[in-house]
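Working notes for the structure below.
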Amino acid sequence: MPPDTILPALINTKTINALNTQEFSDEIILAVQDADEDIQKIKSSLQEKHKNKERCFINHNSGLLMHISFHQNYLKEDICHNTIIISHSIKKTALQQAHLPQVGIDKTYFILKERFLGDGMYSDTVNYVTSCCRYKRKSRQKQAYGKTPIPTRPSEFISIDIVGPVRSHNYVLTVLDHFSKHAELFPITNIQAPTIARKIIQ
């Protein structure tokens with residue numbers, strides 16, 4: 001069964017378009033992985049205990065094909081990072097989720113790669129973000145005015161940034177109000193777009 005028929009069946013009353021503002025559940029991603037022939041070949045080789053040079057593994061709890069990597073954060077702490085191998089069929093929707101805050105190419109890619117791994121993911125991010133209507137409009141406005149808009153009331157213009165990962169995969173969301181110069185710091189456990197949006201709204 002192709003992925004575009006699996007997704008609606010799993011979501012029931014939700015449509016594929018509704019996924020643009022929601023996180024993928026493990027159930028949905030697993031169904032799409034099961035329909036992907038390339039991913040199934042990797043899973044089969046792992047189950048047959050073939051040598052794995054790509055650091056892939058099957059998560060025992062979710063059944064998802066994942067990838068493990070190691071890096072150091074800015075505190076020089078060793079971080080073990082597990083990401084989900086993403087199927088090409090849902091890559092565009094995942095990009096839409098990552099780009100919900102309407103950030104640039106690098107931050108969109110950073111949000112995406114915190115959860116997913118896939119071939120050509122950075123080039124796909126570049127193509128998607130540069131083709132985004134709002135991104136183009138923001139770029140034109142920056143060239144036309146050449147300076148940051150001056151706010152006239154609180155919360156009219158805010159800046160957000162993400163610091164981390166720091167200690168056990170936690171992050172810090174920073175929000176600055178340009179009118180009052182008031183800054184707030186929020187601890188968050190992930191940098192998915194819905195999590196950030198909920199914190200800002202709260």
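Can you tell me the length gained on complete extension of the stretch residue 155 to residue 202, counting 0.36 nm per residue apart and subtracting the Cα distance? Before the final figure, lay out the partial values.
On the way: separation 47, 0.36 × 47 = 16.92 nm, distance 1.28 nm.
This chain segment gains 15.6 nm when fully extended.
Taken along the Cα-to-beta-carbon direction at a fixed 7 Å, the label points for residue 37 and residue 83 span 2.6 nm. Applying 0.36 nm per residue to the separation of residue 106 and residue 126 and subtracting their alpha-carbon distance, the gain on full extension is 6.4 nm. The figure for residue 76 is an accessible area of roughly 150 square angstrom, using a 1.4 Å probe on the protein chains alone.
Order the following by accessible area, largest value first: 45, 155, 89. Probe radius 1.4 Å; ligands, DNA and RNA are ignored. Could the numbers behind the result be given before it?
Values: 45 40, 155 95, 89 60 Å².
Sorted by accessible area, descending: 155, 89, 45.
Modelled label positions at residue 180 and residue 61, each set 7 Å beyond Cα in the direction of Cβ, lie 3.8 nm from each other.
The values are calculated or read from the model by the stated rules, or taken from the named source; none is laboratory data. In this text, all values refer to a predicted model and were calculated from it rather than measured experimentally. Backbone-built Cβ (ideal geometry, glycine too); neighbour counts: all protein chains shown. For accessibility, only protein heavy atoms count, side chains too; no ligands or nucleic acids. Shrake-Rupley method; radii C 1.70, N 1.55, O 1.52, S 1.80 Å.
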